[in-house]
Amino acid sequence: MEANEKIVDMIAMNGELIRRYEEFYQQKQAEMQKIAAEIPTTVELVTKSGMIELNQQQELAQALQDPIKAQKLLQKAAQYVLDAQHNSGRLGQPVPGGMDGHNKSASTNGNGEPGVYRGGCRSADPSPAWLVAEQRLGMR
């Protein structure tokens, strides 16, 4: 192969590399535009859900532009949800009502106070039924 042929081949290869790079760059720009278009909706939804405060919106919007930062935020949010689910059944924590948000009334602490607690103490005064049971069992 002559030098002229090698130069022509190198020019053709360089042209192909430049074409592929331009195609890749255009695809990347289109992806970034799609991401940027979704950021305001995401920030608004996260703010409405109470996960962030109004003064944190700009910081969230900037973090969502970077895919790695966005993944880190998603990981933190998922861990927060897992921790909340794990801690919801601990002793002394309110037992959630039903799916409709109503608290159960059949299992209040005897005084009709809202907020049923697992492991929570009952009233210091025994109920009338308990007094009758103690009398019949000869405990009083």
* So which residues in the stretch 33-52 are part of a helix (DSSP H, G or I) and surrounded by 12 or more Cβ atoms within 10 Å (Cβ to Cβ), if there are any at all? -> 35, 36, 39, 40, 42, 43, 46, 47
* Checklist (1) under 21 Å from residue 80 (Cα atoms); (2) of a type in the set (Gly, Ala, Ser); (3) modelled with pLDDT of 90 or more applied to residue 37, failing item -> (1)
* Does any residue in the stretch 36-52 that is within 19 Å of residue 71 (Cβ to Cβ) come within less than 7 Å, Cβ to Cβ, of a residue that is among the β-branched types (Val, Ile, Thr) and in a helix (DSSP H, G or I) six or more places away or on a different chain, and which pairs are these? -> 52/46
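The values are calculated or read from the model by the stated rules, or taken from the named source; none is laboratory data. On a predicted model such as this, the values are computed, not experimentally measured, just so you know. As a convention, Cβ positions derive from the backbone with ideal geometry for all residues, glycine included, and neighbour counts pool all protein chains shown.
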